[in-house]
1. Could you say whether any residue in segment 125-134 is modelled with pLDDT under 80 and of a type outside the set (Gly, Ala, Ser)?
2. Being modelled with pLDDT under 70 and of a type in the set (D, E, K, R) is the filter here; which residues of segment 148-174 pass it?
3. When you go through ASN79, ASN94, ASN135 one by one, which is the residue that is touching a residue at least 40 places away in the same chain (Cβ under 8 Å) and either open to solvent by 30 Å² or more (accessible area, probe 1.4 Å) or touching a Cys at 6+ places or on another chain (Cβ under 9 Å) (or both)?
4. Filter segment 97-132 down to the residues that are touching a residue at least 24 places away in the same chain (Cβ under 8 Å), assigned to a helix (DSSP H, G or I) and hydrophobic (A, V, I, L, M, F, W, C) and list them by number.
5. Considering each residue of segment 209-228, count those that are surrounded by 13 or more Cβ atoms within 10 Å (Cβ to Cβ) and either under 30 Å from GLN268 (Cα atoms) or in contact with a Lys or Arg (Cβ under 6 Å, 6 or more places away or on another chain) (or both), and give that number.
6. If a residue must be open to solvent by 90 Å² or more (accessible area, probe 1.4 Å) and over 40 Å from the mean Cα position of the chain (by Cα), how many such residues does segment 276-292 contain?
7. If you check PRO250 against the conditions, is it surrounded by 10 or more Cβ atoms within 10 Å (Cβ to Cβ) and touching a helix residue (DSSP H, G or I) at 6+ places or on another chain (Cβ under 8 Å)?
8. Inspect segment 44-59 for any residue being under 21 Å from PRO175 (Cα atoms) and open to solvent by 80 Å² or more (accessible area, probe 1.4 Å) and give the result as yes or no.
Amino acid sequence: MAAASEHTVLQFVAPSSTATATATTSVLTARIHPLVIFNVCDCFVRRPDSAERVIGTLLGSILPDGTVDIRNSYAVPHNEFSDQVAVDIDYHHNMLASHLKVNPKEIIVGWYSTGAGVNGGSALIHEFYAREVTNPIHLTVDTGFTNGEGTIKAFVSSNLSLGDRQLAAQFQEIPVDLRMVDAERVGFNVLKATSVDKLPNDLEGMELTMERLLTLINDVYKYVDSVVEGQTAPDNNIGRFIADAVASLPKLPPQVFDDLVNDSLQDQLLLLYLSSITRTQLSLAEKLNTAAQML
């Protein structure tokens, strides 16, 4: 797809009293799963040298309350010029058909691009996705992680017109809900670092987790002591959270708990040893097969 643009892109601009915005959005929140962010960053790393940014299709579903649940994505090849954008539509449709065979319940909910915001080409690309789905989401991911933070924003677009004349494409930001469990957040924090010597292994990850746990326990101790001494006003909600956390702990003697932790650690070390042996055996078998073919 190649098209020339006569649109003006407005970002964070509300319509004036003399203009009306058509096709207003009913989307409340964009809920993003971390797999989408990892896919975007991976595609950006693998992009061609001449490409300044990458774009792709967002897949997911729309919840009854208007929230867009974004669960998957794939990159789409494209080229951008001063006033034109070319998108590989055939590749987009082939990838969509392949995804629907695996996850038939996922639909197109929008598109993504890398960078800190929208530009003139974004209006053209958004116009294409508007023909694929009603009111698509435009997700921007700052893959440069400026100031150590990966800025993730979501936009919806509406046409800003004066009478019958279309003046601009207005992009309005909507709230973003990034859903992560603890294990995914560890990977996201590693991804935010501009340079990483090496990924933490299981033991190092366990050590970091235990340090955070001890810090949280100390914070709870300080809060409880402060409440008992009358320095802090008691909060019933916090008290219930602490009571639930204490009640969830297994009532085991310290020695039994230590034995369980040591047994689990030994099992993990045994799995690492077996996997190392398996890799060595496969490498040796490959070398023997290569040598046999040469004789």
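The values are calculated or read from the model by the stated rules, or taken from the named source; none is laboratory data. This is a predicted model, so every value here is computed, not measured. Here the Cβ is made from the backbone with ideal geometry for all residues, glycine too, and neighbour counts use every protein chain on show. Just the protein is used for accessible areas: all its heavy atoms, side chains included, with ligands, DNA and RNA removed. Shrake-Rupley method; radii C 1.70, N 1.55, O 1.52, S 1.80 Å.
1. No, that holds for no residue.
2. Those that are modelled with pLDDT under 70 and of a type in the set (D, E, K, R): GLU149, ASP164, ARG165.
3. Being touching a residue at least 40 places away in the same chain (Cβ under 8 Å) and either open to solvent by 30 Å² or more (accessible area, probe 1.4 Å) or touching a Cys at 6+ places or on another chain (Cβ under 9 Å) (or both) holds for just one of ASN79, ASN94, ASN135, which is ASN135.
4. Selection gives ALA123, LEU124, ILE125, PHE128, ALA130.
5. Residues that pass the stated criteria total 1.
6. 3
7. For PRO250, the condition - surrounded by 10 or more Cβ atoms within 10 Å (Cβ to Cβ) and touching a helix residue (DSSP H, G or I) at 6+ places or on another chain (Cβ under 8 Å) - is not met.
8. The answer is no, given that none of the residues of segment 44-59 is under 21 Å from PRO175 (Cα atoms) and open to solvent by 80 Å² or more (accessible area, probe 1.4 Å).
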